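Structure first, commentary second.
The values are calculated or read from the model by the stated rules, or taken from the named source; none is laboratory data. Keep in mind the model is a prediction, meaning the values are calculated, not measured. Here the Cβ positions follow ideal geometry from the backbone for every residue, glycine too, while neighbour counts run over all protein chains shown.
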Amino acid sequence: MSGTGASDEHPPSWYLATARGLTTYPPLAGVTTADVCVVGAGYTGLSAALHLAERGYSVVLLESRRVGWGASGRNGGQLGTGQRREEAELEASFGRDDARQLFQLGLAGRDLVKDLVRRYAIDCDLMPGQLLCAAKPSHVPDLESRAAKLARDYDYPHQRIFSGPELRAIVDSPAYHGGVLDSGAAHLHPLNFALGLARACVAAGVRIHEQTRVTAHSGTGPIVVTTDQGEVRARFLVLGCNGYLGSLEPRIADRIMPINNFLLATAPLGPLGRRLIADPACVHDTLFVVNYFRLSPDGRLIFGGGENYTRAFPADLKGFVRRQMLRIFPQLDPIPIDYAWGGTLAITMNRLPHLGRLAPNVYFAQGYSGHGISTATLAGQLMAEAIAGTAERFDVFARLPPPSFPGGTLLRWPGQVLGMLWFALRDRL
């Protein structure tokens, strides 16, 4: 990845500036063995490694840069409910039973994150609540309909509807026309959550190796994972690379497309902060290219908005995200921007995560499409369950794979970019 994320060290961000317990782990040197080799030290790999180690497996975790270096350490920190696609869409695509199973797995991922934070005393500013705001008047009935459906059909009565004037008292923006508050959702400091998972992994016996780039793996039979300085021999392989998969595994690369998303952190706002967002919840809206934001514990607005589909970040990253922010909060025009950063995530064609097996002993999970904190953490747990012989939950996702992008990895980019640009234009109309 180029732009602000090209270095092997963590890119500058408010998350890095407030990281707790940054630790350096040694690169792999020479040959080592383990029951399981996990590639990627984001939420997927960290969760898989932790849950495998808790089951008694010996685990080696390889990371080409630093723990939480990718999207796991740079995202908006929002922990939502359900899947990336809404329940009515899932029912239409897969039927009522599968839709209910997917919803329950979404809740399981969200609850798993909360449980891990509690169980391992991870200091990551976990706070309750997520507010979804209607960016157009026509979106309000959709929010109301979904809240009613969740209460009626999914036994989820934890959403409260706000009219436009009621919402304006909570989020002081002229951009929104109503909203729904989900009291079961939450938000957190994403990098500190990843760092806390890494500490839990080490305490459970996982051997973490940073600055260790995997160049190849044997793919079948006894696993041999080759790195730039050594190799790991293992019974099982777990690939948790997501948007940073690159050319490591061509068999699954055409099911995802990496895209870049960007955030900023303002200077501390003082009393203005609670006038902007009166509730401790995080906020996002109903646009296709979503805006999402929340107040930090030190009173900054952390705002995410805008994306691009190239390898490079915008040259003026602060200005790029600031323009999005001022559309929502024009009153912040005089406020300085202290940090701006971006990261790469992976989307799928149907916006559902892609989990599966490439061989009886090779597992992967990817394509969280913006729902990464809960879904990636759950995916790691599900792969650990499947390796241990209990694959029922893993197979819910594995039997619903997303389609490949038309044209594979060569042509997915121009086709998908045209589609994304059309939806972005529709947001503005």
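Please determine, by comparing only the residues of the stretch 110-166 that are basic (K, R) and touching a strand residue (DSSP E or B) at 6+ places or on another chain (Cβ under 8 Å), which one is nearest to A198 (Cα to Cα).
Of everything passing the filter in the stretch 110-166, K114 is nearest to A198 (Cα to Cα).
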Fill in the blank from the handout: Across (1) modelled with pLDDT under 95; (2) under 30 Å from D123 (Cβ atoms); (3) of a type outside the set (S, T, N, Q), R274 clears everything bar (1)
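Hey, any hits in the stretch 171-179 for a residue that's hydrophobic (A, V, I, L, M, F, W, C), at pLDDT 95 or above and buried (at least 24 other Cβ atoms within 10 Å of the Cβ)? Walk me through how you get there before you give the answer.
The initial filter retains those residues of the stretch 171-179 that are hydrophobic (A, V, I, L, M, F, W, C), namely 171, 175.
Checking the rest, the ones that are also at pLDDT 95 or above come to 171, 175.
Within this subset, residues satisfying the condition of being buried (at least 24 other Cβ atoms within 10 Å of the Cβ) are none.
There is no residue in the stretch 171-179 that is hydrophobic (A, V, I, L, M, F, W, C), at pLDDT 95 or above and buried (at least 24 other Cβ atoms within 10 Å of the Cβ).
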Completion exercise
Within the stretch 25-42, the count of residues that are surrounded by fewer than 16 Cβ atoms within 10 Å (Cβ to Cβ) and either outside any loop (DSSP other than H, G, I, E, B) or not assigned by TED's automatic domain parsing to the domain that holds L245 (or both) comes to 3
Exercise for the section: Keeping to the stretch 281-297, report how many residues are closer than 20 Å to D182 by Cβ and either of a type in the set (S, T, N, Q) or modelled with pLDDT of 95 or more (or both). Expected result: 11
Exercise for the section: Return yes or no: is S247 among the polar types (S, T, N, Q), touching a residue at least 40 places away in the same chain (Cβ under 8 Å) and outside any helix (DSSP H, G or I)? Expected result: no
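So which residues in the stretch 201-225 are among the hydroxyl-bearing types (S, T, Y) and over 24 Å from H354 (Cβ atoms)? Break it down stepwise before answering.
Within the stretch 201-225, the first condition is being among the hydroxyl-bearing types (S, T, Y), and the residues that meet it are 212, 215, 218, 220.
Scanning the stretch 201-225 gives a single hit, T212.
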Handout entry: Any chance Y309 is within 19 Å of the chain's Cα centre (by Cα), within 19 Å of Y15 (Cβ to Cβ) and not assigned by TED's automatic domain parsing to the domain that holds G246
Key = no
Exercise for the section: Select from the stretch 79-95 the residues that are assigned to a loop (DSSP other than H, G, I, E, B) and of a type in the set (G, A, S) and list them in ascending order. Expected result: G80, G82, G95
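Please tell me if A200 is surrounded by fewer than 22 Cβ atoms within 10 Å (Cβ to Cβ), within 22 Å of the chain's Cα centre (by Cα), in contact (Cβ under 8 Å) with a residue 60 or more places away in the chain and not in a loop (DSSP other than H, G, I, E, B). If you could, list the steps in order and put the result at the bottom.
On the way: surrounded by fewer than 22 Cβ atoms within 10 Å (Cβ to Cβ): yes; within 22 Å of the chain's Cα centre (by Cα): yes; in contact (Cβ under 8 Å) with a residue 60 or more places away in the chain: yes; not in a loop (DSSP other than H, G, I, E, B): yes.
Criteria met by A200.
Would it be correct to say that G40 is at pLDDT 95 or above, at positive phi and of a type outside the set (D, E, K, R)?
Values: at pLDDT 95 or above: yes; at positive phi: yes; of a type outside the set (D, E, K, R): yes.
The answer is yes for G40.
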Exercise for the section: Please tell me if T227 is β-branched (V, I, T) and in contact with a helix residue (DSSP H, G or I) (Cβ under 7 Å, 6 or more places away or on another chain). Expected result: no
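Tell me which residues, restricted to the stretch 204-216, are of a type outside the set (K, R) and either touching a residue at least 40 places away in the same chain (Cβ under 8 Å) or assigned to a loop (DSSP other than H, G, I, E, B) (or both). Explain how you work it out, then say what you get.
To start, the set of residues in the stretch 204-216 that are of a type outside the set (K, R) comprises 204-206, 208-212, 214-216.
The answer is A204, G205, V206, I208, H209, E210, Q211, T212, V214.
For (1) aromatic (F, W, Y); (2) crowded, with 22+ Cβ neighbours inside 10 Å; (3) assigned to a strand (DSSP E or B); (4) touching a Ser or Thr at 6+ places or on another chain (Cβ under 7 Å), each residue gets a yes or a no:
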{"position": "I252", "(1), (2), (3), (4)": "no, no, no, no"}
{"position": "N261", "(1), (2), (3), (4)": "no, yes, yes, no"}
{"position": "A265", "(1), (2), (3), (4)": "no, yes, yes, yes"}
{"position": "V290", "(1), (2), (3), (4)": "no, no, no, no"}
{"position": "F293", "(1), (2), (3), (4)": "yes, yes, yes, no"}
{"position": "F320", "(1), (2), (3), (4)": "yes, no, no, no"}
{"position": "R323", "(1), (2), (3), (4)": "no, no, no, no"}
Handout entry: Cβ pairs under 7 Å, 6+ apart, first in the stretch 387-400 and farther than 17 Å from L358 by Cα, second not small (G, A, S)
Key = R393/L105; R393/L382; R393/E385
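Confirm whether G76 is touching a Cys at 6+ places or on another chain (Cβ under 8 Å), of a type in the set (G, A, S) and in a loop (DSSP other than H, G, I, E, B). Show your work before the answer.
Values: touching a Cys at 6+ places or on another chain (Cβ under 8 Å): yes; of a type in the set (G, A, S): yes; in a loop (DSSP other than H, G, I, E, B): yes.
For G76, the condition - touching a Cys at 6+ places or on another chain (Cβ under 8 Å), of a type in the set (G, A, S) and in a loop (DSSP other than H, G, I, E, B) - is met.
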